[in-house]
1. Starting from the residue with the highest accessible area, list Leu91, Leu208 in decreasing order, probe 1.4 Å.
2. Against the 2.2 N^0.38 Å scaling, with N counting residues, where does the range 82-143 land? I'd like the Cα-based Rg ratio to two decimal places.
3. Which FRET efficiency, nearest 0.05, do Ile113 and Ser233 yield, Cβ-Cβ r, R0 30 Å?
4. Counting residues in the range 99-218 as N, plug N into 2.2 N^0.38 Å and put the Cα Rg over that result.
5. Extending each Cα 7 Å along its Cβ direction at Thr65 and Met95, get the distance between those two points in nm, one decimal.
6. Please list, in chain and number order, the residues 5+ apart from Leu149 or on another chain whose amide H is under 5 Å from its amide H, with Hs placed from the backbone.
Amino acid sequence: MDTRGFKWLGIFGAALLLAGCASGAARVSDPRDPLEPYNRAVYRFNSDFDKAFIQPAARAYRKVTPEPVDRGVTNFFANVADMTSAVNNVLQFKMSRAGSDVGRVFINSTVGILGVFDVATNVGLPSYKEDFGQTLGYWGLESGAYFMLPIVGPSSIRDTFGFAGDVALDPFFSLKKNQVYWGAIALRAIDQRADLLDASDILEEAALDPYSFLRETYLQRRESLVHDGNPPSGAGGDDVWDEIDFDSPAEI
């Protein structure tokens, strides 16, 4: 996926931290979201928490962090994610992808100095970032109801179990729970949020109801990821990603 693809992915990902519901508009119940009252309440909590704590920290981080350092931090955590991706690709018997992930980790951890520099992409090794929710979907477990997690954001019943699996597979999980561990967790969260600040502004201008937009794009995106970009015909209704050409040159 090119830069343009990540930009659009960031737009819907940032929605989990934005305020609320569309005022005065009639809403049609979505059968994929039977927990909507609860989910909207958690969504509002996430938005308030973001505005009070995470967004200010992310803006301060971006203001004081030079762009090369910021990119290096992002690359470091992406390299860590490649480790869990390799495990999930093995669990899905996608050995060529697992090999690419292992190769990325080896090259970026050595030549790339612990992943600070993304050398693997430059030598043609793609990044897949498979997670345990995708693995469960690969083995036939249905998505289940849409489910909003406090702080974490959009999920589903399947992906909630997948999230627990990802935590267990995360290399940081095996570290001793001390200041280094919690500092790394906080830095990863703030770095990810800082990368989505511009996308947040775009979403606020583009979506009448950010919650509904997030739900639709999240569910469709997850369906696409589980099926490696080829979801079953008719799954999830009209695909909002149809208008986005991820193979075209990046537009910045």
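1. Highest to lowest solvent-accessible surface, that is Leu208, Leu91.
2. Taking N as the residue count of the range 82-143, the ratio is 1.19.
3. 0.10
4. Compared with the compact-globule rule of thumb, the range 99-218 sits at 1.26.
5. The two pseudo-label positions are separated by 3.9 nm.
6. Under 5 Å from the amide H of Leu149: Ser155.
The values are calculated or read from the model by the stated rules, or taken from the named source; none is laboratory data. The structure displayed is predicted, hence computed values, not measured ones. Cβ coordinates were reconstructed from backbone atoms using ideal geometry, including for glycine residues, and neighbour counts include every protein chain displayed. Side chains included, ligands, DNA and RNA excluded: accessible areas come from the protein's heavy atoms. Shrake-Rupley method; radii C 1.70, N 1.55, O 1.52, S 1.80 Å.
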